[in-house]
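Heads up: the structure comes next, in structure tokens.
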Amino acid sequence: PLLSQAAAASKMSRGKVTHSSGALIAKHTRFLSTAASPPPPTQTMANANSPPPEKIAPEAGLGAQDAMKLFIQHGVGRRKLNEIAAEKGTTPLVDRWQKMVATYIETQCHVITLLGYTPDERGIGLYTQHLQQALASASPEVQDMLRIAGRDTYRMVLANAFDLPLMEEQESKGEMSIVDARNVMHKVSLRMQAPEVLEKVAKICSTSVAMTDSPEAQQIDMARKHTVIQQVMVDDVYLSGGSSSLVSECGFGEGEDGYVKLQFQLAEHQGDPLISQYVGAAMMKLMESAGIDLAALQQQAQAQGQA
């Protein structure tokens, strides 16, 4: 599934980034440009008392992508994305981006529920794990079919959420080369680690909004830090400088539309190990500057996986 494909950052090869910490960071770097984790979809009792599947066939993954596209094109997902698009000019980009991701997660939860998984983050994680195991023994053709299906679903979500003719433009221009994608993300990663960027994140996040030590209060404070990181990513990494911004330098125009167009093109290469290395290493720096305890997050993720 697309949201989980952004977990390409788990393929990091940088020495200090272990597989487990890489997967953890991947969870917080969905769509390559985001750091904020949207609120989880409302959990229901669907499949709560039934054992989840023990495995899944690659064909089921392709079927799930087809179902996702159906809901995004014609269902509740499309209606919600249209509502997000209508907020342009009145709602900040980061807020709309988070709503877009939340809509994707909610739609994905509905789909995997029909396969026997719980409609929550744990269900998505298990579904993704099973799909990766299935793909390990699948033919290269099947692997590429699923990659393309996930990429196209993501692009459809982007185009609808921001009301841009991205699919038509892509057909006329073709795909960004892997060399160009790596060069772009190398520039992004360097900018993410610029001292002024790290200092800004640290300054904003230095004061906690948690009123108590309760898990709920800590979760709220964590969500705020993720939002701060995402806001700085958009404002100070991608769009800072106007006509001389990073997105302009890379040939995608200025402002919000340029940012969205860049993310659209990068979708073709979101699983590239070198890009994952760039993004993962830089995101670690940003999260550390925000005061996010990566070790604690990793322990929490492991505890949830064993629950």
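The values are calculated or read from the model by the stated rules, or taken from the named source; none is laboratory data. Computed from a prediction, not measured in an experiment: that's the story for all the values here. Note that each Cβ is placed from the backbone with ideal geometry, even for glycine, and that neighbours are counted across all protein chains shown. Note: areas computed on protein heavy atoms with side chains; ligands, DNA, RNA excluded. Shrake-Rupley method; radii C 1.70, N 1.55, O 1.52, S 1.80 Å.
Can you put L190, L131, L294 in order of accessible area, largest first, using a 1.4 Å probe? Walk me through the numbers before you get to the answer.
Numbers: L190 100, L131 5, L294 30 Å².
Per-residue accessible area, sorted high to low, gives L190, L294, L131.
Checking the a/c ratio against 1.5 first, then a/b against b/c, what shape does the Cα gyration tensor give for the range 57-194? Oblate shape, in that a/c is at least 1.5 and b/c is the bigger or equal ratio. At full extension, L114 and E59 could sit 18.4 nm farther apart than now, given 0.36 nm per residue minus the alpha carbon distance. Applying 0.36 nm per residue to the separation of K285 and D180 and subtracting their alpha-carbon distance, the gain on full extension is 35.4 nm. With 5 Å bins beginning at zero, the pair-distance distribution over Cα atoms of the range 196-254 amounts to 4, 19, 20, 15, 14, 11, 7, 5, 4, 0 %.
Does the range 118-244 come out rounded, prolate or oblate, given a ≥ b ≥ c as the square roots of the eigenvalues of its C-alpha gyration tensor, rounded meaning a/c under 1.5 and, failing that, prolate meaning a/b above b/c? Cα axes put the range 118-244 in the oblate bin.
Expressed as a whole percent, the accessible surface of the range 219-292 that belongs to carbon and sulfur atoms is 49, based on a 1.4 Å probe.
For the range 86-142, the pair-distance distribution built from all alpha carbon pairs, in bins 10 Å wide starting at 0, is 21, 33, 28, 15, 3 percent. Length gained on full extension, M167 to D293, computed as 0.36 nm times the residue gap minus the Cα-Cα distance: 41.5 nm. Packing order of peptides 119-126, 107-114, highest average first: 107-114, 119-126 (average count of other Cβ atoms within 10 Å over each peptide's residues). Ligands, DNA and RNA aside, Y154 has an accessible area near 0 Å² when probed at 1.4 Å.
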